[in-house]
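Every number in this text was worked out from the coordinates using simple rules, so none of it is lab data. The structure displayed is predicted, hence computed values, not measured ones. Backbone-built Cβ (ideal geometry, glycine too); neighbour counts: all protein chains shown.
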Amino acid sequence: PLMASNSFRALLGAATTVVSVRNSQKSSCSPDKDRIASLHDTLQPTPLVELRSLSKQLGCRVVAKCEFLHPGGSVKDRAAHALLKSVEKTGELKQGGTVVQGSGGNTGISLAMLCAAKGYKAHITIPENISPDKISLLKMLGAEVTICECLPFSDPGHYAHQATAICKRTPGAVLPDQFENVAKSQAHFDSTGPEIWTQSGGKVDAFVCAAGTGGTLAGVSRYLKGASNGHVQCFLVDPTGSGLKKYVETGVFSSVGGCFIDGIGIMRKTANFATAKVDGALRADDKEAVEMCYYLMRNEGIWVGPSAALNVVGAVKLAKKLKLQPHQTVATVLCDGGERYLQTTFNAEWQTKQGLVPVHTGTDLSFIGDGRDPGDVQGDGQARLAAAGVALSKL
């Protein structure tokens, strides 16, 4: 059920109490092995919460999926489960084998946790600009980590290509390939999308999130479009430095600027993103993301990472763009928690060095722009794609 974010911790406490009372009534402390799964055997639905301070300001309902509450701490638990199952099902991954994956951090962390639980080894390649907190966590989970220079995808030294090379020379290794393996987007079609639809009571009018591989946006947008008979407006929010926004609008990858945020933004079309059903795209930047991180802590009591905050920035921009009314709802995803960014987003010295010191207070949202790039023409993405001769179904 939909719940207010400020009451979530209290509800968690209540749930814990109920479990404790029920367990105390049993005659034996031995677990029922036929009924209780291990931590990583299954994924449970995460809460959908209302961000009430934003709902009040925007005049519509703003809700967010708390994906940071998965055992692995991020939305990538869903992807990791699906990716691992896909290579287990084909027989490529044998007991004691090695899972190799290029990652912006969170997919690697979720895979490392699952590998540890299932008796596999994990080798993660990661760009050098990723949060040091994520790299440390990967190593603590037992993964071998290869840190790669930040290079264009065309360069063989790119972290994704390095993963392929490592896999080829490692006996018993498999590469699930989170970029091109559509099991990733299917996982969100099968779980995240239905959860949002059910928990909201089928009352969703718009959905927005950022994309890296595009798995979340693709799976959720396809499900919500189908469940609503096309009613739900689905948008991409794209950070500066990424070419996806321009691709959605014109069919051509291009961008300006850069972005520090891990795991989102890309300059190529992946197999996962190709299945997305999007109506348009919005732009957001580092400053907006950092400010929103602190806004959510002040006003919602939620501590999330910068990509999650960017998604919320996208929700604000989309609500304004679509002129959503009090009876309407915009949904997004809180990808991960803030604890993975202690040395970057939430570090005062880093903020100063990057020119990203948050300055806004209270419920001030004046730091949020309109989501357009300089020179953008008003109009939805589908109309602009049609003008460019690009069919959304072929993206």
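Worth pointing out:
- The packing ranking, built from the mean of other Cβ atoms within 10 Å per residue, places the peptides 313-321, 45-53 in the order 313-321, 45-53, highest first.
- Other-chain or far-sequence residues with amide H under 5 Å of residue 146's (modelled H): 124, 125, 126
- Sequence-distant contacts, meaning Cα pairs under 8 Å at least 6 residues apart, place the relative contact order of region 157-226 at 35 percent.
- Taking all Cα-Cα distances within region 40-197, those exceeding 19 Å account for 56%.
- Cα-based shape type of the chain, given that a ≥ b ≥ c are square roots of the gyration tensor eigenvalues and the cut on a/c is 1.5: rounded
- Here the extension length gained between residue 323 and residue 203 equals 41.6 nm, from 0.36 nm per residue of separation less the Cα-Cα distance.
- Size descriptor, Kirkwood hydrodynamic radius, that averages inverse alpha-carbon separations across region 177-311, Å: 15.2 Å
- Residue with peak Gaussian network fluctuation, the chain [Cα springs, cutoff 10 Å], from 165, 64, 274: 165
- Look at the dipole of the chain built from charges on Cβ: of 39, 197, 172, the Cα furthest out on the positive end belongs to 197.
- The helix-based estimate of mean residue ellipticity at 222 nm for the chain, built from -39,500 (n - 2.57) per DSSP H run of four or more residues and divided by its residue count, is -11500 deg cm²/dmol to the nearest 500.
- Look at the alpha carbon pairs under 8 Å that are at least 6 residues apart: their mean separation over the length of the chain gives a relative contact order of 18 percent.
- Among 156-162, 341-347, 261-267, the order from most to least packed when residues are scored by Cβ within 10 Å on average: 261-267, 341-347, 156-162
- Counted charge near residue 93, where neighbours are those whose Cβ lies closer than 13 Å (Asp, Glu -1; Lys, Arg +1): +2
- Here is the size of region 198-261 from its Cα atoms: Rg then Dmax, 13.5, 40 Å.
- Taking packing as the residue-averaged number of other Cβ atoms within 10 angstrom, the listed peptides 328-340, 205-217 run from highest to lowest as 205-217, 328-340.
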